[in-house]
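The values are calculated or read from the model by the stated rules, or taken from the named source; none is laboratory data. The model shown is predicted, which means the values in this text are computed figures rather than measured ones. All Cβ positions, even for glycine, are placed from backbone atoms using ideal geometry, and neighbour counts span all protein chains on display. For accessibility, only protein heavy atoms count, side chains too; no ligands or nucleic acids. Shrake-Rupley method; radii C 1.70, N 1.55, O 1.52, S 1.80 Å.
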Amino acid sequence: MGEVTQRQISFGGGRARTAPLAWGQLTTWDDMRHFLPEVKAFFVLSRRVSVPAGLGTDAVVDALRVLLERHESLRSRYRAAPGEAVVQRVLAEGRVPLTVIDWTPADRLPFETAVERAQHAIVTRRLDHASEPPVLFSLLTRAGAARLVVLGVSHVAADARAVDLLMAELGGLLDAAAAGAPVPPPWTRWQPADQAAYEQSPPGMLRNAAALRRLREQLAGAATGAFPAPVAPPEHPGHPRYLCGRLESAAVPLALRVLARRHRAGTSAVLLAATAALTRALTGTDRHTFALVAAGRGDPAGQYAVTSLSQTGWATLDTGVASFAELTALAATALAEAARHCLHDPRAARAVIRDLERRRAAPLELGCRFNDMWAWTRKQPVHTLPDHRTVLAATAGTRLDWPADQATENDRITLSVNLYGTADRLVIEALADTHRLPRPQLRALLRGYERLLVELVARDVPPAEVAALLAADPAPAPAQS
């Protein structure tokens, strides 16, 4: 993979302080503790940043130093305190390792393979949060010339949106260095300890109380037994219980532009409505409760903060409505309410769930998760919307595959839908418990997204008709299905 050396990035001049974890950080901390010692894919989030031509290694090190000094989350240590508390200790000065991998044309492996291996080493690393930095850096060079920075950040220190912001900020620092321009100013000075202090203030506690009231209201209508009891599928005895399917489509983004404009709603609302309608079609149950992953960045102070703010809001959707338009309106309201009440104490929320289950004497069906990261993708405005024929033609390039590296055990989910991709190509990734949602149904769900959304461009499809639409699907299976 090339010669590997270690450098140290020294930082200093900041403030030292100790604070409790903010609620978004605590949500991730508890999730990670649930799965340890196994390392899950969400533990460390990674990105790549290109280095401008001609910029030396010392300039890259200096840009990384600026990031460490600006963002307290990157120079903190996280540990459990006596009792149930978890604290973050911000270091005023210190050092963070930088792994330098020098690739040359004489190396046996291609450069891209070296990059992939460096990134794999980062995302599979089990961090000791009490004693190690929550950030990992690798610099890949070609014959000594800096080419690419691979960074990884613990999810306790930064959520996906924060890592995207960090990547953009690092890109700006490198570009400025290459151009000989002044160092760009930081986008924010809001730090995780500031967020934690706000949450413990009277306004923060009032918001927590409101969020917990809404949680109780939403879960009061949650169904029990929406999915069948776990049964091992005899037709696939060898495949893992938790199976991941991934649909990549150019037709879905086109359809979403049309439907969002038609229903005067965001694309997230259309996608959540489609998820609810498809889940109904596969289970025969009208009411489903979804864990909605919200970014938690509605407050101006935290909009650009490099920390973990995302949390889960719950919404129970009743698909027994007369039209998809009505279901989209319900989904839009659910997403808006989840975003509004995103900020809450996750441990208090779990206490509410336990209380409701005790009163019902039955577990709630809370294993459906909806996470729309595609909503953050930058998209260009369009003035002319595609017609049905154009959208239908785009289905020719659809791909369906089963990524083995994402088929990870997760006893907290029945169905987890993650959406991401580019402006022109949407990836729908679904992880399912096949003892409750067998592989044929998971395939039908993934193909159903495109089938339903394309059909909706031509006409409204009431939720009650979605099952028949899927059964009548004449299309051949996409590639690698």
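Within segment 61-79, one or more residues are part of a strand (DSSP E or B) and surrounded by fewer than 20 Cβ atoms within 10 Å (Cβ to Cβ). Return the residues of segment 91-108 that are more than 30 Å from Glu72 (Cα to Cα), surrounded by 13 or more Cβ atoms within 10 Å (Cβ to Cβ) and either without any contact (Cβ under 8 Å) to a residue 60 or more places away in the chain or touching a Phe, Trp or Tyr at 6+ places or on another chain (Cβ under 9 Å) (or both); say none if nothing qualifies. Scanning segment 91-108 gives a single hit, Trp103.
Yes/no per residue for (1) in contact with an Asp or Glu (Cβ under 7 Å, 6 or more places away or on another chain); (2) in a strand (DSSP E or B); (3) crowded, with 16+ Cβ neighbours inside 10 Å:
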site	(1), (2), (3)
Thr141	yes, yes, yes
Ala181	no, no, no
Arg207	no, no, yes
Ala211	no, no, yes
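In segment 1-28, the residues that are under 20 Å from Pro192 (Cβ atoms) and of a type in the set (Gly, Ala, Ser) form Cβ pairs under 6 Å with partners that are assigned to a helix (DSSP H, G or I) and open to solvent by 30 Å² or more (accessible area, probe 1.4 Å), at six or more places apart or across chains, as follows: Gly14/Glu69. One residue is enough: does segment 351-363 have a residue meeting the conditions at pLDDT 95 or above and in contact with a strand residue (DSSP E or B) (Cβ under 8 Å, 6 or more places away or on another chain)? Scanning segment 351-363 turns up no residue that is at pLDDT 95 or above and in contact with a strand residue (DSSP E or B) (Cβ under 8 Å, 6 or more places away or on another chain). Taken over segment 379-407, the residue count meeting the criterion of being open to solvent by less than 70 Å² (accessible area, probe 1.4 Å) and within 18 Å of the chain's Cα centre (by Cα) is 3.
Which numbered condition in (1) open to solvent by 50 Å² or more (accessible area, probe 1.4 Å); (2) closer than 26 Å to Arg354 by Cβ; (3) modelled with pLDDT of 95 or more; (4) not β-branched (Val, Ile, Thr) is the only one that Gly225 fails? Status for Gly225: all satisfied but (3). If you go through segment 329-346 one residue at a time, do you hit one that is in contact with an Asp or Glu (Cβ under 9 Å, 6 or more places away or on another chain), among the basic types (Lys, Arg), surrounded by fewer than 19 Cβ atoms within 10 Å (Cβ to Cβ) and touching a residue at least 40 places away in the same chain (Cβ under 8 Å)? Within segment 329-346, not a single residue is in contact with an Asp or Glu (Cβ under 9 Å, 6 or more places away or on another chain), among the basic types (Lys, Arg), surrounded by fewer than 19 Cβ atoms within 10 Å (Cβ to Cβ) and touching a residue at least 40 places away in the same chain (Cβ under 8 Å).
Inspect all residues belonging to segment 35-42 and state whether any of them is modelled with pLDDT of 95 or more, under 27 Å from Gln191 (Cα atoms) and within 29 Å of the chain's Cα centre (by Cα). No; the residues of segment 35-42 include none that is modelled with pLDDT of 95 or more, under 27 Å from Gln191 (Cα atoms) and within 29 Å of the chain's Cα centre (by Cα).
Condition test on Glu217, is it touching a residue at least 60 places away in the same chain (Cβ under 8 Å) and of a type in the set (Asp, Glu)? Against the criterion (touching a residue at least 60 places away in the same chain (Cβ under 8 Å) and of a type in the set (Asp, Glu)), Glu217 does not qualify. Quick one: in segment 408-463, of everything that is without any contact (Cβ under 8 Å) to a residue 24 or more places away in the chain and surrounded by fewer than 18 Cβ atoms within 10 Å (Cβ to Cβ), which residue is farthest from Ala274 (Cα to Cα)? Out of the qualifying residues, it is Asp411. Look at segment 266-291 and say how many of its residues are within 14 Å of Leu330 (Cα to Cα) and of a type in the set (A, V, I, L, M, F, W, C). Residues meeting the conditions: 9. The set of residues in segment 395-441 being of a type outside the set (Val, Ile, Thr), within 15 Å of Pro230 (Cα to Cα) and not in a strand (DSSP E or B) consists of Glu409, Asn410, Asp411, Arg412, His435, Arg436, Leu437, Pro438, Arg439, Gln441. The residues of segment 369-378 that are open to solvent by 90 Å² or more (accessible area, probe 1.4 Å) and either free of Cβ contacts under 8 Å to residues at least 40 places away in the same chain or hydrophobic (A, V, I, L, M, F, W, C) (or both) amount to a single one, Trp376.
Assess whether Val49 counts as being modelled with pLDDT of 95 or more and either part of a strand (DSSP E or B) or not aliphatic (A, V, I, L, M) (or both). Yes; evaluated as a whole, the condition is true for this residue.
Among all positions in segment 292-310, there is at least one residue which is touching a His at 6+ places or on another chain (Cβ under 7 Å), buried (at least 23 other Cβ atoms within 10 Å of the Cβ) and at pLDDT 95 or above.
The sole residue among Leu136, Leu148 that is closer than 18 Å to Gly56 by Cα, in a strand (DSSP E or B) and at pLDDT 95 or above is Leu148.
Please verify whether Asp128 is out of contact with any Gly (no Cβ under 9 Å at 6 or more places or on another chain), within 22 Å of Gln6 (Cβ to Cβ) and in a loop (DSSP other than H, G, I, E, B), treating the condition exactly as stated. Criteria met by Asp128.
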